[in-house]
Amino acid sequence: MKGKPGDRSNAEGDSNISPGRREWAENHIGPVTRAWLDEDEKYFFRQSLSTPCLNALQASSGSHLVDVEGRYILDFHGNSVHQLGYGHPKVVTAVKAALDELPFSPRRYTNRFAIGLASRLSSLAPMDEAKVLFAPSGAAAISMALKLARYATGRHKTVSMWDAFHGANLDAIAVGGEAIFRADVGPLLPGTEHVPPPGMAARFFGADGRAHERLADYIDYVLDVQGDVAAVLAEPMRWTTVESPPPGFWERVRRSCDRHGTLLIFDEIPSCLARTGTMFMCEQVGAVPDILVIGKGLGGGIMPMAAMIGRGNLDVVPQAALGHYTHEKSSVGCAAALATLDVIAEERLVDRARQMGEAGLSTLRSALGDHPAVRDVRGAGLYFGVELRNYGGQTSHSLADGILYSCLSRGLSFKTGGGNVLTLCPPLTISEEDLGQALNIVIESIAALEPET
């Protein structure tokens, strides 16, 4: 078989050094693009998953990217920032107006854009009387949440999940659990306890249907035996593999946190803002976090924006610097975020994600549910995962890589998660025609796999 069945090195996304990528590049990258990529590699440090890059772009609009050779690509990847697609006119107008009015706001001053965004997020937040801090990235917002949990509880330990991704900063990879970010990097934060992720519960806690109950009980045990855990940090839905634990799991963890004086932090950096058919994914899991971290699409696919939202009674350390970022109250970033929230409401994108997601998931399941190469088809709102199994003499990882580049050759970009899950993340503003075209490309690429011999 091709590939390593147990290889988790590309859990967060598809590898940029795979044979599939090299073969695709040989067939699709022309001399003009190659010159751009060579220049890029000349000046940027190489790193897994991104540099060397796949291609070079000259434009992006709506649901499409346009590369320097003029090819249109439906973008079902988007680094999860494109809830509104690219260049939504309302966000562009808001950014331009803010640039004319207040292009930068030094940290010691406030401004109407920052106050307006804080007020809107507070009213949307799942917790009561919420307060916020802004940051220029999701990883930075995770850092703020970790610091606030320490100050508020007087403890420093955390419990998080193996295989989880919370950002690539050093503190974020300490609480994260993916080997591609942690391996060989040296000492990380002390006190970062890890437990198996919900997606692996049956492997460790039995396949009798009660594995997630036992995992929740194990988390309760860890909190009890440690006795000094500041926070449980987790994604309510594992984003890179599109996996949600069954109903009741997070409710049990929530009760455990309450019993042990531990805060519950949900990382919704990619899953926030209508993606899953609710404004926040945590609305679907029966547990309200003490701190919610959001980002990615908050800046409307234009500005880098993230936020930490927490219970107001956690505002207990006015003497400490939780964030202190230069662009903490970015007038332009906050204007983009306010316009993003306006568009979500005005275009009813929560309902649209739910309705189009249900139709899309039904299409994928009808076409692929019985295919022998497909282990599972799942989704939440307008976000889908197609999990593959070993088939046709290839490992599931090798199959996923091949399907990825087959689809890319036909104008559809997405990424793989966990090595063997095709993750399809379209803009919420996508047309029904473009959504149908993209799903058909995936279905036809899987249908074209060579059968078992």
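Every read-out reported here was derived from the displayed coordinates using simple, explicitly stated rules and does not represent laboratory data. All figures in this text were calculated on a predicted structure; none of them were measured in a lab. Ideal geometry is used to build each Cβ from the backbone, glycine not excepted, and the neighbour counts take in all protein chains shown.
Take the chain and mark each of the GluC sites (Glu not before Pro) that is in a DSSP loop with at most 16 other Cβ atoms within 10 Å; the longest unmarked stretch, sites excluded, is 130-346.
Once Rh for the range 147-289 is found with the Kirkwood sum over Cα pairs, what is the Stokes-Einstein diffusion coefficient at 20 °C and 1.002 mPa s, in µm²/s?
Working: Rh = 15.4 Å.
Estimated via Stokes-Einstein, D reaches 139 µm²/s.
Backbone geometry of the range 422-427 corresponds, through the Karplus equation with coefficients 6.51, -1.76 and 1.60 at θ = phi - 60°, to 3J(HN,Hα) couplings of 7, 9, 10, 10, x, x Hz, x marking Gly and Pro.
From the C-alpha coordinates alone, can you work out the Kirkwood hydrodynamic radius of the range 349-435, in Å? Every distinct Cα pair counted, the radius reaches 13.4 Å. Taking the DSSP beta bridges with both ends in the chain, the antiparallel portion is around 65 percent.
Quick one: which of 42/329; 96/415; 42/415; 131/415; 42/96; 90/329 span more than 30 angstrom between C-alpha atoms? Flagged as over cut-off: 42/329; 96/415; 131/415; 42/96. The length gained by stretching the chain between residue 162 and residue 128 to full extension, at 0.36 nm per residue less their Cα-Cα distance, is 9.2 nm. Summarising the amide proton neighbourhood of residue 156: residues at separation of 5 or more, or on other chains, whose placed amide H is nearer than 5 Å comprise 230. Loop-resident chymotrypsin sites (Phe, Trp or Tyr not before Pro) (DSSP state other than H, G, I, E or B) in the range 30-60 with no more than 15 further Cβ atoms inside 10 Å of their Cβ: 44, 45.
Measuring nothing but how far apart in sequence close Cα pairs (under 8 Å, 6+ apart) lie, relative to its length, the chain scores a relative contact order of 24 percent. Working from label points 7 Å from Cα in the Cα-to-Cβ sense, the residue 204 to residue 184 distance is 2.6 nm. Give me the net charge for the shell around residue 287: Cβ to Cβ below 11 angstrom, other residues only, Lys and Arg +1, Asp and Glu -1. Within the 11 Å Cβ shell, the charges total -1. Per residue, the average separation of C-alpha pairs within less than 8 Å and at least 6 apart gives the range 89-346 a relative contact order of 31 percent. Label sites at residue 342 and residue 375, each approximated as a point 7 angstrom past Cα along Cα to Cβ, lie 4.5 nm apart. By the count of neighbouring beta-carbon atoms within 10 Å, fewest first, 131, 96, 42, 157 end up ordered 42, 96, 131, 157.
Taking label points 7 Å from Cα along the Cα-to-Cβ direction, residue 46 and residue 221 give a separation of 4.5 nm. Scalar couplings 3J(HN,Hα) for the range 339-347, obtained by applying the Karplus form with A = 6.51, B = -1.76, C = 1.60 to θ = phi - 60°, are 5, 4, 5, 4, 5, 4, 6, 5, 9 Hz; x denotes Gly and Pro. Ordering 28, 166, 77 from the fewest to the most neighbouring beta carbons within 10 Å gives 28, 77, 166. Taking amide H as placed 1.01 Å from N in the peptide plane, the amide H of residue 376 sits under 5 Å from that of 387, each at least 5 places away or on another chain.
With N as its number of residues, the range 89-346 has a Cα radius of gyration that, divided by 2.2 N^0.38 Å, comes to 1.01. Would you mind classifying the range 236-372 by shape? Square roots of the alpha carbon gyration tensor eigenvalues, ordered a ≥ b ≥ c; an a/c under 1.5 is rounded, otherwise it is prolate if a/b is larger than b/c and oblate if not. Taking the square roots of the gyration eigenvalues as a ≥ b ≥ c, the range 236-372 is oblate. For the range 209-226, putting each phi into the Karplus relation 6.51 cos²θ - 1.76 cosθ + 1.60 with θ = phi - 60° gives couplings of x, 10, 4, 5, 4, 5, 5, 4, 5, 5, 4, 4, 4, 4, 4, 6, 6, 6 Hz, in residue order, rounded to whole numbers and with x for Gly and Pro.
Would you mind computing Rg(Cα) / (2.2 N^0.38 Å) for the chain, counting N as its residues?
Details: Rg = 21.7 Å, N = 453, 2.2 N^0.38 = 22.5 Å.
Normalised Rg, Cα atoms only: 0.97.
Calculated on the alpha-carbon coordinates, the convex hull of the range 386-449 measures out at 73 cubic angstrom per residue. Backbone amide hydrogens, once placed in the peptide plane, bring residue 235 within less than 5 Å of 267, excluding anything fewer than 5 places away on its chain.
Using the Cα centre as the reference, give the magnitude of the dipole from point charges on the C-beta atoms of the range 89-346 (Lys, Arg: +1; Asp, Glu: -1; all else neutral), rounded to the nearest 20 debye.
Details: 24 positive and 27 negative charges, 100 e Å.
That gives a dipole near 480 debye.
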